[in-house]
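Working notes, beginning with the structure itself.
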Amino acid sequence: MPGFSRDSAGRAVFGKCLISSVLQDTRVTTPAYLYDLDGIDEQAQALTRVLGPAGLVAYAVKANAAGSVLRTLKEAGVGADVVSGAELSLARAVGVAKERIVMSGVAKTDAELDLAISAEIRALQLESVEEIARVAARARAQNRSARVALRLNPGVSIATHSHVATGHDKAKFGIPLSSLDAALAQLATHQELRLVGVSTHVGSTLMETAPYLQSARVVCDIAQGLRSSGKSLEYINFGGGFGIDYGLGQPVPPSAFADAARSLQKEQGLEDHQLVIEPGRCLVGPFGALLASVIQSKRTDAGRWLMLDAGMNDLLRPALYHAHHRVEALAAPPAGEPWQVVGPVCESADDFGSHVIGHEAPSHVVVRDAGAYSFSMASNYNGRALPCEVFLRHGQLQHVTPSPGTASWVEARLKA
Ligand code: LLP
């Protein structure tokens, strides 16, 4: 699959485009996110193929909510996992069918519940016993029934950064197994609620399938139990979390997670249920890159720095999770002594780490694997503009969204 590569002359290529030629387009300003829509399409098709027409790949929209990305995924047969009313409205606006949308979230507002109920999405995935009565009340107020699923917290810990582990006992997410009976009892008292699924999500950046399958088995047990008591569900949802290669080692490929999920469904005799998975990162992460200009270098006795026009406001992951993203020059593969690569923001955490780039400071660099949780977590911190976005398709610049600049920020802050 494409994403980042180098041609025979060692020049950086993204998708099918030479990055240096993308820079020559007058619409492109740095910092700019580049997206390889062909790669996204290919990855999405690979996953939908494994699940087959009866399965549902519900893309976690929070990873990257760009319209061009969502349209590409929808065309590849992917649905949506949304976590806010705005994400739901966006998914509907790009044409994702209502029965292909699930909604998660520990604290959905009444307005969000109303929106999801009236949109008749596949299911509201409920994350606490307390949420059940709230959804029932909103459904009654609309004189409708609501399709709901229980998102379980399987009590499984995974080896990942604590900020992206969600399925352990102390996490705020999901209904703990010890509360399952109470949740089912609550549901039974509300005629306006229809239980259609059970879901889980154990966490992000999984490198192997074992913890994923461990929590998926919990979902299977519950579905089997409900079926034998005559309350069959429509779907079982094992969640997302498939890791990608950030340059520190190749995790199991995304299709292997989907394969393992499908095999487990068969092994557990649950083919009368639809299999749902909720990948976010693996569909977009490798197919995004952050292109930055080098503003200047700095040398002291302590070392040398490469200072970019992109910072933690554009790409928060290194500051928030100590995440590693490879930083490379455009003209040639990595060489020489390392540079400490930093952004312009007034924070020590605004640091992309130490990278072998080149002997001399290049004019531009590319920060790799920045398609997921990157633009979607960008901010105006330090009065900095949100970056430009460039969408590549079939070797062309299909679309460029310019940076909004800083004048609107100055004006808005003035009025605050
Ligand atoms: N389903 C649920 C309920 C989720 O909470 C998430 C991600 C996903 C699916 C998709 O997980 P993925 O396949 O993308 O790993 N900002 C962090 C990641 C936060 C993940 C939040 N939940 C990062 O940059 O690593």
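The values are calculated or read from the model by the stated rules, or taken from the named source; none is laboratory data. Computed from a prediction, not measured in an experiment: that's the story for all the values here. These accessible areas exclude ligands, DNA and RNA; they are computed on the full protein's heavy atoms, side chains included. Shrake-Rupley method; radii C 1.70, N 1.55, O 1.52, S 1.80 Å.
Among the protein heavy atoms of the chain, carbon and sulfur supply 51% of the accessible surface, probe 1.4 Å, non-protein parts ignored. Note that region 234-389, at 20 °C in a medium of 1.002 mPa s, gets a Stokes-Einstein diffusion coefficient of 123 µm²/s from its Kirkwood radius over C-alpha pairs.
Where q = 0.25, 0.27 Å⁻¹, what log10 of I(q)/I(0) comes from the Debye formula for region 257-338, counting one point per Cα? Log10 of I(q)/I(0), two decimals: -1.37, -1.43. Panel values: the chain, Kirkwood radius from alpha carbon pairs, Stokes-Einstein at 20 °C and 1.002 mPa s, translational diffusion coefficient 95 µm²/s. The residues of region 68-227 expose on average 41 square angstrom of accessible surface per residue, using a 1.4 Å probe on protein heavy atoms. Between amide H atoms placed 1.01 Å from N, distances below 5 Å from residue 153 occur with 175, 177, all of them 5 or more places distant or on a separate chain.
Report the normalised scattering of region 293-369 as log10 I(q)/I(0) at q = 0.13, 0.24, 0.25 Å⁻¹, calculated by the Debye formula with identical scatterers on the alpha carbons. So the normalised log intensities work out to -0.33, -1.17, -1.26. With coordinates expressed along the principal axes, the C-alpha atoms belonging to region 83-157 extend over 36, 29, 18 Å, beginning with the largest. Taking a straight Cα-Cα cut-off under 24 Å and skipping sequence neighbours fewer than 8 places away in the same chain, the lysines within cross-link reach of residue 266 are 231.
Its Kirkwood hydrodynamic radius, worked out from the mean inverse distance over all distinct Cα pairs, puts region 315-416 at 15.7 Å. How far is helix 37-51 tilted, in degrees, relative to the longest principal axis of the Cα atoms in the chain, given as a value from 0 to 90 rounded to the nearest 10? That helix lies at roughly 30 degrees to the long axis. Cross-link partners of residue 172 among lysines, defined as those whose alpha carbon lies under 16 angstrom from its own and excluding same-chain residues fewer than eight positions apart: 108. Across region 128-137, rounded Karplus estimates of 3J(HN,Hα) from the backbone phi angles (6.51 cos²θ - 1.76 cosθ + 1.60, θ = phi - 60°) give 7, 5, 4, 5, 4, 5, 5, 5, 4, 5 Hz, Gly and Pro being marked x. Alpha-carbon geometry of region 76-232: the Rg and the Dmax are 15.5, 45 Å, given in that order.
Compute log10 of I(q)/I(0) for region 21-154 with the Debye formula, placing one identical point scatterer on every Cα and leaving out solvent, at q = 0.12, 0.13, 0.18 Å⁻¹, to two decimals. Log10 of I(q)/I(0), two decimals: -0.54, -0.61, -0.98. Using only alpha carbons, region 188-297 has a radius of gyration to Kirkwood radius ratio (Rg to Rh) of 1.15. Remark: the Cα gyration tensor places region 141-240 in the prolate category, a/c being 1.5 or greater and a/b exceeding b/c.
Relative to one another, the C-alpha centroids of region 123-147 and region 241-291 are positioned 30 Å apart. Taken over the Cα atoms of region 242-292, the convex hull encloses 70 Å³ per residue.
When the square roots of the Cα gyration tensor eigenvalues are ordered a ≥ b ≥ c, the ratio a/c for region 1-68 is 1.5 or more and a/b does not exceed b/c, which makes its shape oblate.
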